[in-house]
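The values are calculated or read from the model by the stated rules, or taken from the named source; none is laboratory data. All figures in this text were calculated on a predicted structure; none of them were measured in a lab. With ideal geometry, Cβ positions are generated from the backbone for all residues, glycine too; neighbour counts draw on all protein chains shown. Accessible surface is based on the protein model in full, side chains and every heavy atom, while ligands, DNA and RNA are left aside. Shrake-Rupley method; radii C 1.70, N 1.55, O 1.52, S 1.80 Å.
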Amino acid sequence: MPNMKRLIFYILLTVLFPEAVSFAAMTNVYGRDYRLLNGRWDAIVDLYDQGDRMKVYENRKPEGNTDFYEYSFDGGLRLEVPGDWNSQSPELKYYEGTVWYARHFDADPKPDCREFLCFGAVSYRCRVYLNGREICSHEGGFTPFEADVTDALRKGDNFLVVEVNNRRTKDAIPALAFDWWNYGGITRDVMLVTVPDNYVEDYFIRLDKKNHDTVNVDVRMSQPEAGVKVSVEIPALGKTVSGTTDARGNFSTSLRSKKLRLWAPDAPVRYEVNIAGGDDSVSERIGFRDIRTDGTRILINGKPQFMRCISFHEEIPQRMGRACSKADAVTLLSEARDLGVNMIRLAHYPQNEYIVRLAEEMGIALWQEIPIWQGIDFTDNDTRDKAQKMLTEMINRDKNRCAVGFWGVANETKPSPERDAFLESLLATGRDIDTTRLYVAAFDLVEFDKERKIFTMDDPFTRNLDVVAVNKYMGWYHPWPLSPAESKWEVNTDKPLIISEFGGEALYGQSGSRDVVSSWSEDYQARLYEDNLRMFENIPNLAGVSPWILFDFRSPFRFHPTNQEGWNRKGLVSDRGQRKKAWKIMHDYYQKKKLEYEK
Ligand code: GCU
């Protein structure tokens, strides 16, 4: 029998917001008792959005002689889950619209337990139906959500339907146009998770900002009930802290150990942590680190760092599709590691947990952001609410990931009072949840001041940030007004500055002049890298660089028939995994920087 208070809360929510019943996902869903519902799902492509009118989620079958249904999930298209639909069928390569996914699964609900359907991500918006009943909806293609299906789940056969739509709209995030492929589908794992009636819903376990031998612990049980026993154990330290919940189901304490070793890119130490609450328990490996700024420096555990960074999209170019598995994470991260990075910018949206957790294991710090990319409708309150929810979902999913050192709140947005207010409210929301990371945004507003012969930028929003990042494409979108060696910068000199994007396009194997940008050649790209790296030496507050980008990636922005063919060719590595000449230049630069900072 479900908990009365919770039941009343549910009913209220369902009545007031029938569509809104998608909860921020429980912490560490992969540490729970779960079953993957991945595999080949049936699918219906619904270009004109007729499926709702036809109630396809009821999966009706003709009974008599006179009734018939102009749809069926049997014998039709089948799509792999997780995965985007665009790479699974030539007809769907450019498809933007609605696709109905469906599958049967058997269940055996346990007494005194709750059952949740958890989605790693669905792109872009969706409604979920179980046994013909709508159970939740969600918007945003890159963050997890869940629905409590305890009451809707049956013993035996269940029929799950997910209506997925990836149409671009003005009020969406990202909005109408963006420089990556608009993959649609159930792009990450789907799980059926079983937890006790009162379960460990959320926890935040991190290093104390003042005392590096102290771990702060916050645990929230799912039921607002006092007196429930909670404990947090770190066996490797021989330490356990325990107590009981307050009336809201919360428990907070801290754990001290002189033996505590900290996580850092060159020493990715993590500890098995066991969290128990009531009848529930969940475990995972957590690392502890302190990241902060000190003037223009970025410090990890007090040690100055140069962020040797690279960006990549959540895409496997060889498959022309979304990365979604552990093997995909290995592909992306091992190529990044070979370049010599100690950080990755996961562009331009939260990427899957396989990538985030493996990066942490490998000792690679992360910048993670929500896709507030260029032309977002900052005047729309609904869009603002969506951004708030997306940021909250991202932070809640990864707040226990010590590798994540930076939360990015925007990329290349134009200054306006509406934009400032929108982003300031995002920062406030983020800092309410998490003050153990640095907040950053990327700007493309650095201009050459002809009078002072210097590069400057004036965007008032930078004052709110811990770190300022700049996207600047010298030698590509911008010709050199001065030689790289003479190019001086004066940009937010009171803060650490990261070059979050620079680079140019080259078709792998194409040789040409080092002086002619339209050669689209590896030679010109290599020259461009040499020039930019030379200029970066003139940036007094430089704390890191991140070339755009590790791999060539797909984008509907890129029309050149021979040099691009729908690919952004700024990769240091081609879509076939071949390293371009600029790769070596960047690799050697990072070797040099590594040695410089090890001294
Ligand atoms: C921008 C943007 C990227 C884009 C890049 C490019 O700076 O942030 O998303 O891909 O430029 O033009 O290649």
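Is at least one residue of the range 560-579 in contact with a helix residue (DSSP H, G or I) (Cβ under 7 Å, 6 or more places away or on another chain), more than 16 Å from the ligand (Cβ to nearest atom), open to solvent by 10 Å² or more (accessible area, probe 1.4 Å) and within 15 Å of Ala336 (Cβ to Cβ)? Yes, the range 560-579 has at least one match.
Scanning the range 395-407 for residues that are hydrophobic (A, V, I, L, M, F, W, C) and more than 16 Å from Trp373 (Cα to Cα), which turns out nearest to the ligand (Cβ to nearest atom)? The residue in question is Phe406.
Here Val21 fulfils each of the conditions (1) in contact with a strand residue (DSSP E or B) (Cβ under 9 Å, 6 or more places away or on another chain); (2) exposed (fewer than 15 other Cβ atoms within 10 Å of the Cβ); (3) at pLDDT below 95 apart from (2). Among the residues making up the range 466-481, those that are within 13 Å of the ligand (Cβ to nearest atom) and either under 29 Å from the mean Cα position of the chain (by Cα) or modelled with pLDDT under 95 (or both) are Ala469, Val470, Asn471, Lys472, Tyr473, Met474, Trp476, Tyr477.
Of everything in the range 143-174, what is in a loop (DSSP other than H, G, I, E, B) and within 19 Å of Tyr95 (Cβ to Cβ)? Give them in sequence order.
At the first step, the residues of the range 143-174 found to be in a loop (DSSP other than H, G, I, E, B) are 143-144, 149-155, 166-174.
Selection gives Asn166, Arg167, Arg168, Thr169, Ala172, Pro174.
The residues listed here are Thr383, Thr413; of these, the one that is closer than 17 Å to Asp171 by Cα and not in a helix (DSSP H, G or I) is Thr413. Taking the options Arg256, Arg292, Arg261, Arg248, name whichever one is open to solvent by 50 Å² or more (accessible area, probe 1.4 Å), in contact with a Pro (Cβ under 6 Å, 6 or more places away or on another chain) and more than 30 Å from Arg579 (Cβ to Cβ). Residue meeting the stated conditions: Arg248.
Taking the residues in the range 363-380 that are assigned to a loop (DSSP other than H, G, I, E, B) and open to solvent by less than 30 Å² (accessible area, probe 1.4 Å) as candidates, determine which candidate is nearest to the ligand (Cβ to nearest atom).
Within the range 363-380, the first condition is being assigned to a loop (DSSP other than H, G, I, E, B), and the residues that meet it are 363-364, 370-372, 374-380.
Pick out the ones that are also open to solvent by less than 30 Å² (accessible area, probe 1.4 Å) and you get 363-364, 370-372, 376-378.
Details: Gly363: 26, Ile364: 21, Ile370: 14, Pro371: 10, Ile372: 11, Ile376: 13, Asp377: 18, Phe378: 17 Å.
In this case the residue turns out to be Pro371.
Scanning the range 183-207 for residues that are open to solvent by less than 20 Å² (accessible area, probe 1.4 Å) and part of a loop (DSSP other than H, G, I, E, B) returns Tyr183, Gly184, Ile186, Thr187, Arg188, Asp189, Tyr199. Restricted to the range 493-517, and to residues that are within 16 Å of the ligand (Cβ to nearest atom) and open to solvent by 30 Å² or more (accessible area, probe 1.4 Å), which residue is nearest to the chain's Cα centre (by Cα)? For the range 493-517, the residue satisfying everything is Leu507.
Pick from the range 416-428 the residues that are open to solvent by 20 Å² or more (accessible area, probe 1.4 Å) and more than 13 Å from Arg463 (Cα to Cα): which of them is nearest to the ligand (Cβ to nearest atom)? The qualifying residue nearest to the ligand (Cβ to nearest atom) is Ser416.
Test Thr150 against the criterion of being open to solvent by 30 Å² or more (accessible area, probe 1.4 Å) and of a type outside the set (D, E, K, R), and give yes or no. Before the answer, list the steps.
Numbers: open to solvent by 30 Å² or more (accessible area, probe 1.4 Å): yes; of a type outside the set (D, E, K, R): yes.
Spelling it out, Thr150 is indeed open to solvent by 30 Å² or more (accessible area, probe 1.4 Å) and of a type outside the set (D, E, K, R).
Need pairs with beta-carbon distance below 7 Å; first residue closer than 19 Å to Glu486 by Cα and within the range 524-550, second open to solvent by 10 Å² or more (accessible area, probe 1.4 Å) and within 14 Å of the ligand (Cβ to nearest atom); sequence gap 6+ or separate chains. Listed by first residue and then by second, the contacts come to Leu528/Trp476. Do you know which residues across the range 24-48 are in a strand (DSSP E or B) and open to solvent by less than 70 Å² (accessible area, probe 1.4 Å)? Listed by number, the residues that qualify are Gly39, Trp41, Asp42, Ala43, Ile44, Val45, Asp46.
Restricted to the range 180-217, and to residues that are touching a residue at least 60 places away in the same chain (Cβ under 8 Å) and polar (S, T, N, Q), which residue is nearest to Ala329 (Cα to Cα)? Let's see the steps before the verdict.
Taking the range 180-217 as the starting set, the residues that turn out to be touching a residue at least 60 places away in the same chain (Cβ under 8 Å) are 180-207, 209, 212, 215.
Those still in the list that are polar (S, T, N, Q) too: 182, 187, 194, 198.
Working: Asn182: 20, Thr187: 14, Thr194: 27, Asn198: 34 Å.
Across the range 180-217, the extreme among qualifying residues is Thr187.
Taking the range 257-362 as the region of interest, the strands (runs of 3 or more DSSP E) fully inside it that hold 2 or more residues being closer than 21 Å to Val29 by Cβ and either out of contact with any Cys (no Cβ under 6 Å at 6 or more places or on another chain) or at pLDDT below 95 (or both) are 271-277, 280-286. When Arg431, Arg452, Arg463, Arg437 are screened for being open to solvent by 30 Å² or more (accessible area, probe 1.4 Å), under 19 Å from Leu366 (Cα atoms) and more than 16 Å from the ligand (Cβ to nearest atom), only Arg431 passes. Restricted to strands (runs of 3 or more DSSP E) entirely inside the range 49-122, those with at least 3 residues that are open to solvent by 10 Å² or more (accessible area, probe 1.4 Å) are 77-81, 98-107.
Give the range 394-410 a look and list any residue that's part of a loop (DSSP other than H, G, I, E, B) and basic (Lys, Arg), or say none. Working first, answer last.
Narrowing the range 394-410 to residues part of a loop (DSSP other than H, G, I, E, B): 399-403.
Within the range 394-410, Lys399, Arg401 qualify.
The sole residue among Ala329, Ala410 that is within 16 Å of the ligand (Cβ to nearest atom) and of a type outside the set (Phe, Trp, Tyr) is Ala410.
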